[in-house]
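The values are calculated or read from the model by the stated rules, or taken from the named source; none is laboratory data. Every value quoted in this text rests on a predicted model; they were computed, and no experiment measured them. Positions of Cβ are generated from backbone atoms using ideal geometry, with glycine treated the same way; all protein chains shown enter the neighbour counts. Please note that ligands, DNA and RNA were not included when accessible areas were found on the heavy atoms of the full protein model with its side chains. Shrake-Rupley method; radii C 1.70, N 1.55, O 1.52, S 1.80 Å.
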Amino acid sequence: PLHKKKMVEMIDEVFFSYLKKKNVNLCVTSDHSTPCNLKRHSADPVPFLVYGKGKDSVKRFDEKSCTKGGFGKKQGKDLLNLAI
């Protein structure tokens, strides 16, 4: 879990700091959930973030926080339309 956390922080710092300088719409998500306590993939919902569509009240990028955002809980098949 510590290496996973460090990698996410590095992506946030390097990759997203670059994107903040550009005028882009971007959807960030994953193909499956991998809870640390299970140590394997699960069918749990995954968080998603749409960058470039305005601000939201969500301050953290995790499963619970993202469901409280303006988009709520969505099916994977609906994500592309949100990003566009």
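At a glance:
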item	result
Dipole in debye (nearest 20) - the chain, about Cα centre, beta carbon charges: Lys, Arg +1; Asp, Glu -1	140 debye
Accessible area expressed per residue, the chain, with surrounding protein chains retained (probe 1.4 Å, Å²)	85 Å²
Residue-by-residue Karplus 3J(HN,Hα) for region 69-77, coefficients 6.51, -1.76, 1.60, Hz, glycine and proline x	x, x, 7, x, 9, 10, 7, x, 5
Fraction of accessible area attributable to carbon and sulfur, the chain (%, probe 1.4 Å)	57 percent
Distance violations [Cα-Cα > 23 Å] among LYS21/LYS64; LYS39/LYS59; LYS4/LYS64	LYS21/LYS64; LYS39/LYS59
Interatomic Cα distance distribution for the chain, bins of 5 angstrom, percent	3, 12, 22, 26, 21, 12, 4, 0
Region 11-84: relative contact order as a whole-number percent, Cα under 8 Å and 6+ apart	26 percent
